[in-house]
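Participant: Can you keep this structure in mind? I'll have questions shortly.
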Amino acid sequence: MSNRVTRDTPKPDAAVLSFSLSQAHLPRLFPLLQQGFLVRVPGGCNIRTILCQHLGFTPDYLENRIQTIFLNGKAVDEVDATIVGEGATLALSTAMPGLVGATMRKGGYYAGLRGAITHREAKRATPEANCLVRLKLFNLLTGEVGPLFLEKGICFESAVLEDFFRTRPEDFWSGFLAVSLNGKELDLTALAAGPWPGVPDLICLKVLVGPD
């Protein structure tokens with residue numbers, strides 16, 4: 001853990017949905033990491049500050065493992081100069097293969113080929129007390145740091161989680177051992193079927209991994 005993510009994820013106020021499931025079934029939740037989860041971070045900060053000081057990535061992991069970064073759909077080269085604001089979407093990936101991967105790599109030799117899909121800082125953002133940012137993890141990052149985020153707890157709009165679980169196939173639930181909402185045990189069948197009446201707009205999903 002020490003060479004990847006080192007502290008708790010900043011979370012907005014939300015209800016807590018807790019799952020206990022087997023290690024082998026943990027990857028079934030990885031699509032949620034690619035879809036994106038919400039974190040509350042100080043506004044007006046650059047990407048390096050957000051990732052290393054507030055989300056807990058180590059500087060070495062940022063420099064050597066996170067090779068591709070997108071902010072609002074545009075590739076980022078300068079993590080120290082790129083400011084993240086309210087409602088932004090930050091997508092992270094390890095190096096992607098081939099020429100496309102080389103082109104998208106932050107600060108890479110082929111970065112000039114991107115043209116209009118390169119993020120360019122137009123102006124300095126006005127400092128904000130805090131802001132809500134969507135973080136997406138792709139490629140090998142889902143397996144490397146995704147479990148750490150899931151263990152600490154990550155937040156979603158309740159409608160996003162409800163839709164995700166409602167559309168899973170029946171065998172998706174085979175490895176789930178228990179589920180609770182704010183400490184109260186829930187029935188998996190009811191959770192999968194939806195809707196979820198009385199649930200707040202934001203839910204923090206926490207995962208306890210048990211033996212296979």
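The values are calculated or read from the model by the stated rules, or taken from the named source; none is laboratory data. Treat the numbers as computed from the prediction; the structure is a model and nothing was measured. Positions of Cβ are backbone-derived with ideal geometry, glycine not excepted, and every protein chain shown enters the neighbour counts.
Participant: Scan segment 4-57 residue by residue and report those that are in contact with a Leu (Cβ under 6 Å, 6 or more places away or on another chain) and either of a type in the set (Lys, Arg) or in a loop (DSSP other than H, G, I, E, B) (or both).
Facilitator: PRO12, ALA14, ARG40
Participant: Separate question: Give the residue, chosen from GLY98, GLY194, GLY112, GLY107, that is in contact with an Asp or Glu (Cβ under 6 Å, 6 or more places away or on another chain), at pLDDT below 85 and surrounded by fewer than 13 Cβ atoms within 10 Å (Cβ to Cβ).
Facilitator: Matching residue, one of GLY98, GLY194, GLY112, GLY107: GLY107.
Participant: Between residues in segment 181-206 that are part of a strand (DSSP E or B) and residues that are of a type in the set (Gly, Ala, Ser) and exposed (fewer than 14 other Cβ atoms within 10 Å of the Cβ), which pairs lie under 8 Å by C-beta distance while being six or more apart or on different chains?
Facilitator: That search, which allows pairs on different chains as well, returns GLU185/ALA178.
Participant: Anything in segment 53-83 that is more than 14 Å from LEU135 (Cα to Cα) and surrounded by 16 or more Cβ atoms within 10 Å (Cβ to Cβ)? List them, or say none.
Facilitator: Listed by number, the residues that qualify are THR58, TYR61, LEU62, ARG65, GLN67, ALA75, VAL76, ASP77, VAL79, THR82, ILE83.
Participant: Given SER22, SER18, which one is farther than 19 Å from LYS136 by Cα, more than 12 Å from the chain's Cα centre (by Cα) and surrounded by fewer than 17 Cβ atoms within 10 Å (Cβ to Cβ)?
Facilitator: Going through SER22, SER18 in turn, the sole match is SER22.
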